[in-house]
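All of the numbers you see were taken from the coordinates with simple rules; none came from a lab. Predicted model only: the values in this text are computed from it and were never measured. All Cβ positions, glycine included, derive from the backbone under ideal geometry; neighbour counts span all protein chains shown.
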Amino acid sequence: MTAECIKISEMSRHVGQEVTIQGWLYNSRAGGKVQFLIIRDGSGMCQGILEKKEGAEELFQEVKHLGQESSLRVQGMVREEPRSVGGYELALSDVQIVHKTQDYPITPKSHGIDFVMKNRHLHLRSRRQWALARIRHTVVEAIRNFFNSHGFTLVDTPIFAPAVGEDEQTLFNLDYFGEDVALSQTGQLYLEAAAMSLGRVYCFGPTFRAEKSKTRRHLTEFWMVEPEIAYIDLDGLLEVAEQFVYSVVQAVLKDRQVELEILERDVRVLQKIKPPFVRLSYTEAVELLHSDKVKLFLEGQLQQKQEQVKQLEDHITQWTGEQEVSKKQWQKDKLSQQIQQAREDINELQEQINNIPHHMELAAGFRWGKDLGGSDETIISQLHEQPVFVHRYPKQAKAFYMKPDPLEDRVVLNFDCLAPEGYGEVIGGSMRQDDYDALLARIKKEGYEVENYEWYLDLRRYGSAPHGGFGLGVERTVAWLAGIKHIRETIAFPRMMGKIYP
RNA sequence: UCCCCGAUAGCUCAAUCGGUAGAGCGAGCGGCUGUUAACCGCUAGGUCGUAGGUUCGAACCCUACUCGGGGAGCCA
């Protein structure tokens, strides 16, 4: 191994040169006199070609029996090769085996989610998970870049927090030297204090919710970025939020093309994202949910999905017939895979079909005053190509710190941002109550101990100013941009209800 | 907390009406100089989630439980 050590991502700059690559065996195909080794090194994948040469038969045999995910150093000549992954390949002159792996559990074939999550520590090496990790990285980077370049100062807020604030059922309680304390579910109250010092601030860290939710958009531990701005109004906040989301979308489109392609993301829908986003008041949203438009939309969706199921069933019948008459084994395999996939799709569709009447009922029977449900959000976001800001929710459904609208006291100056394509809420934010008397009255009304909020009330005693902010969930944003169904794949080691291994 | 679905080989899934448990992948051995989830031949691999019940006979029917998936509520 005398040649220069490079990363696979740099291969295009080393055509015609002898180089060394250090990585892992992703997959291999062995012939009698030639082997194709797919090697990954973290920066990408490439194909190595090993030919059987006189005097090197032993190495050839040894490499032939290497298990998937064996670690190795290889040396070879870089050449262009359109048939190879990434467009380049390595004509190997030497292979140094660093570690021989036997029986790697995650094969290149399909696996169930339970199996894969129990092997999450290995699952991270898979192509799809690699792509998601890199998209997440870019999302995080874009978040930091946006705030850092718009005059915000980072303030880290505590993770141990007094068990006060919102609904205590949603908090993880723990014993803090004999005192009842909870893991933080927002840094917002502390951030409000910091905003009165620094003007524009943000915090970015893990946050914890003990909600007993088992859905594709919930984790018990997730990452949230929360900006807080002094001297702003609701319209100003919406403008910051849409510029912010736009900048994150652009960064992913620009820097993660390869990864989006691996995930088969339809980037055209992301390319359309552009301010101004849709603005819809809560009251307008309720009217929309009651409208014929929604009814027709759901009926159309129902019909469409039923037709899809019928089509898939026809395909299955057809494929089953073809399977019986086909002679080649690979044809049978291909057909049975198609059939299996179709069955899974049918199950998914069937479940959606079963849910639609329920969602229709929920939408049609929605009463002004409740918080929007998950299905309601999905419907609203599916009706728009741009993200939707739903603003001015009923006061009764929202947290004590939100500022009521001076023009309509029954609603507060808040907003949620719903991502398109049914991804739902990625941002929640509001203007904060900055009037001392009103805040104190609300704290008392909620039955909270005023004593616990003295410091928070101080912010309204001394130099109170209009301010507001919002929080964006990183995992939901990554799932939306990557176009994946479940947020558990957007974080390396997801924490869900009843899941803590590995 | 509630509703729906599921559990069969290491993995992904079949098994018609209740009648001898099957395939592919993976593993092992052999063959093949250009493969793209390579292919071809052979070999090994099972207490059908657990406990009970119905039956001449249960992977299949019934009951309970465990675990998993999805959804409602709640939420970013």
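Overview of values
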item: Local net charge near A:Gln308, Cβ-Cβ under 12 Å (Lys/Arg +1, Asp/Glu -1); result: -3
item: Candidate lysines for bridging to A:Lys499, where Cα separation is under 27 Å - those fewer than 8 sequence places away on the same chain excluded; result: A:Lys109, A:Lys118, A:Lys212, A:Lys214, A:Lys485
item: The stretch A:115-125 - phi-based ³J(HN,Hα) in whole Hz, Karplus 6.51/-1.76/1.60, Gly and Pro as x; result: 4, 5, 6, 6, 10, 4, 4, 9, 4, 4, 7
item: Residues with amide H under 5 Å from that of A:Tyr176, placed H, sequence gap 5 or more; result: A:Val181
item: Theoretical gain in end-to-end length, A:Lys7 to A:Asp292 [0.36 nm per residue, Cα-Cα removed]; result: 96.9 nm
item: Between 0 and 90°, nearest 10: helix A:127-148 axis offset from chain A longest Cα axis; result: 40 degrees
item: Ordering of A:387-394, A:445-452, A:476-483, A:372-379 by burial proxy (mean other Cβ atoms within 10 Å per residue, highest first); result: A:476-483, A:387-394, A:372-379, A:445-452
item: Cα centre as origin, Lys/Arg/Asp/Glu Cβ charges: the stretch A:1-135 dipole, Debye; result: 620 debye
item: All-pairs Cα distance distribution in the stretch A:149-240, expressed in whole percent, bin size 5 Å; result: 3, 13, 20, 20, 17, 14, 9, 3, 1
item: Tilt relative to chain A, helix A:234-255 - C-alpha long axis, 0 to 90 degrees, to 10; result: 0 degrees
item: Local electrostatic count at A:Glu451 - Lys and Arg +1, Asp and Glu -1, tallied over other residues with Cβ under 13 Å; result: -2
item: Cα-based Rg and Dmax for chain A, where Dmax is the largest Cα-Cα distance (Å); result: 27.3, 89
item: Qualifying lysines (Cα of each under 20 Å from Cα of A:Lys403; at least 8 residues distant if same chain); result: A:Lys370, A:Lys395, A:Lys444, A:Lys445
item: Cα centroid separation - the stretch A:381-460 against the stretch A:80-156, whole Å; result: 39 Å
